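Heads up: the structure comes next, in structure tokens.
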Amino acid sequence: MANPKVHVCKGDVVQVIAGKDAGKKGKIIEVIPAKHRVVVEKVNVVKRHSRPSKAMPQGGILQKEAPIDASNVMIFCSTCDQPVRIAKKFQESGAKVRICRRCGEVLDKDK
């Protein structure tokens with residue numbers, strides 16, 4: 001793939017729509033466009049066994065979020081209070097923003 005694109009951005013609140021964590025909501029921590037995957041907080045938590053090191057002398061079992069496919073998440077609209085599809089629109093200032101297809105609310109508040 002020459003220029004992979006993902007429909008979500010870091011910091012978006014999303015809801016998982018497929019897989020073992022379906023129905024859970026969380027904020028996107030990381031987006032990996034080359035692999036079309038996202039890391040969502042408190043979703044797809046896996047356990048990693050680590051050996052003792054200088055940074056962590058006791059070692060142990062760590063829990064961290066693993067990436068899931070970007071197609072398994074939908075942006076959560078706080079106005080509609082449900083997962084929604086998005087549309088892209090140009091504002092008067094010329095900025096391209098994402099809007100909710102249900103209610104028309106602008107999802108990119110910080111832009």
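The values are calculated or read from the model by the stated rules, or taken from the named source; none is laboratory data. The model shown is predicted, which means the values in this text are computed figures rather than measured ones. Cβ atoms come from the backbone with ideal geometry, glycine included; neighbour counts cover every protein chain shown.
Output yes when any residue across the stretch 34-54 is under 23 Å from LYS109 (Cα atoms), polar (S, T, N, Q), modelled with pLDDT of 95 or more and surrounded by 10 or more Cβ atoms within 10 Å (Cβ to Cβ), and no when none is. Checking the stretch 34-54: not a single residue is under 23 Å from LYS109 (Cα atoms), polar (S, T, N, Q), modelled with pLDDT of 95 or more and surrounded by 10 or more Cβ atoms within 10 Å (Cβ to Cβ). On the basis of being in contact with a Pro (Cβ under 8 Å, 6 or more places away or on another chain) and of a type in the set (Phe, Trp, Tyr), does PHE76 make the cut? In short, yes. If LYS10 satisfies every condition in (1) basic (Lys, Arg); (2) surrounded by fewer than 16 Cβ atoms within 10 Å (Cβ to Cβ); (3) over 22 Å from LYS96 (Cα atoms); (4) within 12 Å of the chain's Cα centre (by Cα) but one, which is the exception? So LYS10 meets the others, but not (3). Output the residues belonging to the stretch 55-68 that are over 22 Å from the mean Cα position of the chain (by Cα), of a type outside the set (A, V, I, L, M, F, W, C) and surrounded by 10 or more Cβ atoms within 10 Å (Cβ to Cβ). Answer for the stretch 55-68, where residues must be over 22 Å from the mean Cα position of the chain (by Cα), of a type outside the set (A, V, I, L, M, F, W, C) and surrounded by 10 or more Cβ atoms within 10 Å (Cβ to Cβ): GLY59, GLY60. When the stretch 76-111 is limited to residues that are in contact with a strand residue (DSSP E or B) (Cβ under 6 Å, 6 or more places away or on another chain) and aliphatic (A, V, I, L, M), the one that is farthest from PRO4 (Cα to Cα) turns out to be VAL106.
Among the residues of the stretch 13-58, those identified as part of a loop (DSSP other than H, G, I, E, B), more than 28 Å from CYS100 (Cβ to Cβ) and polar (S, T, N, Q) are SER53, GLN58. The residue list LYS20, LYS10, LYS27, LYS54 contains one member that is without any contact (Cβ under 8 Å) to a residue 24 or more places away in the chain and more than 18 Å from ILE86 (Cβ to Cβ), which is LYS54.
What residue, of CYS80, CYS100, is buried (at least 16 other Cβ atoms within 10 Å of the Cβ) and either in contact with a Cys (Cβ under 8 Å, 6 or more places away or on another chain) or at positive phi (or both)? After applying the criteria, what remains is CYS100.
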